[in-house]
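Beneath this line is the structure, given in structure tokens, with notes to follow.
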Amino acid sequence: GGRGGGRGAAEGGPAAGPGGGCIAADNQVAGEAGRPRGGSALGRYAAADAVTLGGPVLVRGPDAIQEHMASNTPADWKWRPVFADGSAAGDLGFTVGESVIRAKTTGEAPSYGKYLTIWRRDQDGNVKFVTKGGTGRPAQH
């Protein structure tokens, strides 16, 4: 398959277009992660061979990712995809987005980030992430 010209969530990209399944999956994970005990949502959307980047070690596999996130999730962690694209076949794509993380302790300034997630459609048609990582960014004014 060829590469499709995806549009970002902020641009109103269609869910059926290249990258659209990735936007829908990213938004669903973000929604679940914002709920109590939601940090484990990442593990549920991880491919069997998924790896997360960031922190001192790579975390591999859905169970390890779910355990890591459940024990390391800030009190308020929100993100949103701002751009996505994918293969014309819809089997591989990515999202790029922005995040805001507020520490569990009150009074600390929030941390702002940007991220990249690679998504793959599995043999059952489910969109799961293969890898994700992020880095800090300045606050927007």
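The values are calculated or read from the model by the stated rules, or taken from the named source; none is laboratory data. Just so it is clear, the structure is predicted and the values come from calculations on it, not from any experiment. Using ideal geometry, Cβ is built from the backbone for each residue, glycine included, and neighbour counts are taken over all protein chains shown. Please note that ligands, DNA and RNA were not included when accessible areas were found on the heavy atoms of the full protein model with its side chains. Shrake-Rupley method; radii C 1.70, N 1.55, O 1.52, S 1.80 Å.
Counting Lys and Arg as +1 and Asp and Glu as -1 over every other residue whose Cβ lies under 12 Å from the Cβ of P138, the net charge comes to +1.
For K114, a cut-off of 17 angstrom between C-alpha atoms picks up these aspartates and glutamates, skipping any fewer than 8 places away in its own chain: D26, D76, D85, E98.
Taking Lys and Arg as +1 and Asp and Glu as -1, the other residues whose beta-carbon sits under 15 Å from that of N126 total -2.
Using r as the Cβ-Cβ distance of V82 and D124, and R0 as 30 Å, what FRET efficiency do you calculate, to the nearest 0.05? Plugging the Cβ-Cβ distance into 1/(1 + (r/R0)^6) gives 0.60.
D91 contributes an accessible area of around 80 Å² to the protein surface, as traced by a 1.4 Å probe with all chains present.
Beyond 14 Å, what percent of the Cα pairs of the range 48-117 remain? Roughly 70 percent, rounded to a whole number.
Computed extension gain for A89 through Q28, at 0.36 nm per residue and net of the alpha carbon distance, reaches 19.8 nm.
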